[in-house]
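Read through the structure below, which is laid out as structure tokens, and then see the notes.
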Amino acid sequence: MNIKKYCAVLVGLGLVTLSACGSSSDSGDGGDSKTVTLVSHDSWAVSKNILADFEKRSGYKVRVLKDGDAGQAVNKAILTKDNPQGDVFFGVDNTLLSRALDNGLFQSYEAKGSDLVRPKYRVDQDKHRVTPVDTGDICVNYDKAYFSEKKLAPPASFDDLVKPAYKNLLVTENASTSSPGLGFLLGSAAKYGDDGWQDYWKKLKANGVKVVDGWEQAYNEEFSGSSTGKKAGGDRPLVVSYASSPPAEVIYADPKPTTAPTGVAEGTCFRQVEYAGLLSNAGNSKGGKAFLDFLLGKEFQDDMPLNMFVYPVREGAQVPEEFVKFGPQAKDPETMDPARIAEHRDDWVKSWTSLVLK
């Protein structure tokens with residue numbers, strides 16, 4: 001297949017954007033370019049001095065292409081795998097990992113420092129096609145001020161969300177396009193099983209759940225508790241987000257409050273792990289490998305939490321005080337074996353789409 005012609009057709013039909021069919025990085029010889037191109041979701045972030053230090057030490061300049069929500073970014077990367085947009089992809093998580101691996105998105109590389117990754121986060125140990133980078137919990141967040149004013153206890157569990165008291169209060173992301181949206185769906189499947197999750201979503205739909213495309217829209221536009229978004233002050237006091245979102249609200253506030261303005265319904269959490277990998281047909285595989293080593297280095301792992309509001313996976317990496325105080329990881333999150341996700345995910349998403357969006 002001629003990927004360029006294929007992309008041109010899809011762009012013409014309005015099925016993808018031009019950026020989804022971008023070209024690969026500077027060199028096509030597999031390693032001589034002085035630019036490393038990272039493809040990621042919109043939440044990628046790193047301190048300027050940390051990235052500058054990598055560039056100085058390695059001799060590579062880093063170019064970053066942000067390509068929407070994680071689900072959208074993964075789908076675009078698969079579409080363009082024969083002529084990839086970059087060298088390294090960051091942001092595929094355990095909900096979408098099998099899709100990426102089954103489609104041959106990554107080539108093998110065992111990053112330096114892989115032996116320091118906590119064992120529970122390691123996957124694909126025989127081929128090393130992906131490198132664990134961070135972990136976090138997808139959970140329903142609530143606006144404390146709203147529930148205080150209404151003298152209403154915030155929900156604490158999946159079961160609570162379908163109660164009449166919380167009608168028309170929740171916004172979530174589309175499970176077919178959004179990583180947190182898919183994580184929330186998988187959390188409900190883990191909680192209620194194959195025979196129960198659809199009935200749960202029927203109740204959730206009847207209780208007025210609102211669905212939007214991605215996290216940015218859900219949290220920064222629809223959620224009433226957001227103080228950091230472009231359109232802060234939506235009308236939904238419940239949103240599917242992360243257990244680390246409350247620390248972000250504290251850190252970005254000026255002046256900083258002594259307590260977080262948002263809270264987490266801990267009984268709604270699903271454990272997420274994010275990975276990075278060297279893209280198949282990467283133009284600069286040598287630089288890509290150096291960048292993967294950087295992602296597991298202590299300097300980046302220590303820096304990452306307060307930039308992307310996730311937890312490090314490397315043993316001995318620092319966890320910020322704000323995380324411990326305002327956004328601790330869930331004690332008993334829902335989890336799911338990757339093999340089960342791979343087996344059922346596409347069917348579940350198809351059923352969810354028919355049930356919730358139609």
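Each value in this text was obtained by applying a stated rule to the coordinates, not by laboratory testing. Computed from a prediction, not measured in an experiment: that's the story for all the values here. Cβ atoms come from the backbone with ideal geometry, glycine included; neighbour counts cover every protein chain shown.
Full-extension gain between Lys325 and Val64, please, as 0.36 nm times their residue separation minus the C-alpha to C-alpha distance.
Details: separation 261, 0.36 × 261 = 93.96 nm, distance 3.19 nm.
Additional length available on full extension: 90.8 nm.
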Based on the alpha-carbon gyration tensor of the stretch 127-275 and its eigenvalue square roots a ≥ b ≥ c, which shape applies: rounded if a/c is under 1.5, prolate if not and a/b is larger than b/c, or oblate?
oblate
Order by protection proxy (mean Cβ within 10 Å, highest first), peptides 33-46, 185-198, 253-266
33-46, 185-198, 253-266
Sequence neighbours fewer than 8 away in the same chain don't count; with that in mind, list the lysines whose C-alpha is under 24 Å from Lys112.
Lys34, Lys48, Lys56, Lys61, Lys120, Lys127, Lys286, Lys289, Lys298
I want to check the label-to-label distance for Glu315 and Lys203. Put each point 7 Å from Cα in the C-beta direction and report it in nm to one decimal.
4.3
Under a crude label model (7 Å from the Cα following the beta-carbon direction), how far is Asp115 from Thr335 in nanometres?
2.5
With a point put 7 Å past each Cα toward its Cβ, work out how far Arg122 is from Lys34 in nm, to one decimal.
3.8
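Indicate the gyration tensor shape class of the stretch 60-169 (rounded, prolate or oblate), computed on the Cα atoms with a ≥ b ≥ c the square roots of the eigenvalues: a/c under 1.5 is rounded; otherwise a/b larger than b/c is prolate and the rest oblate.
Numbers: a/c = 2.66, a/b = 2.11, b/c = 1.26.
It is prolate, given that a/c is not under 1.5 and a/b is the larger ratio.
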Ellipticity estimate at 222 nm from DSSP helix runs (n ≥ 4, -39,500 (n - 2.57)) divided over the chain, nearest 500
-10000 deg cm²/dmol
In whole Å, how far is the Cα centre of the stretch 34-109 from that of the stretch 304-346?
19
The chain: most fluctuating residue of Asn103, Asn94, Asn168 per GNM, C-alpha cutoff 10 Å
Asn103
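Between Lys167 and Asp347, what is the FRET efficiency for a Förster distance of 45 Å, r being their Cβ-Cβ separation, to the nearest 0.05? Please report the intermediate quantities before stating the final value.
Working: r = 29 Å, r/R0 = 0.65.
About 0.95, to the nearest 0.05.
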Nearest-ten-degree value, helix 48-58 long axis tilted from longest Cα axis of the chain:
20
Connecting C-alpha atoms closer than 10 Å in a GNM of the chain, tell me which of Gly59, Gly327, Gly86 has the biggest fluctuation.
Gly59
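Need one number for the chain: average projected area of the convex hull over its C-alpha atoms, nm².
Values: hull surface 71.9 nm².
The number I arrive at for the chain is 18.0 nm².
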Residues of the stretch 235-257 with amide N under 17 Å of a point placed 7 Å along Cα→Cβ from Leu152:
235-240
Within the set Ser245, Ser178, Ser47, GNM on the chain using Cα springs under 10 Å gives the largest fluctuation to Ser47
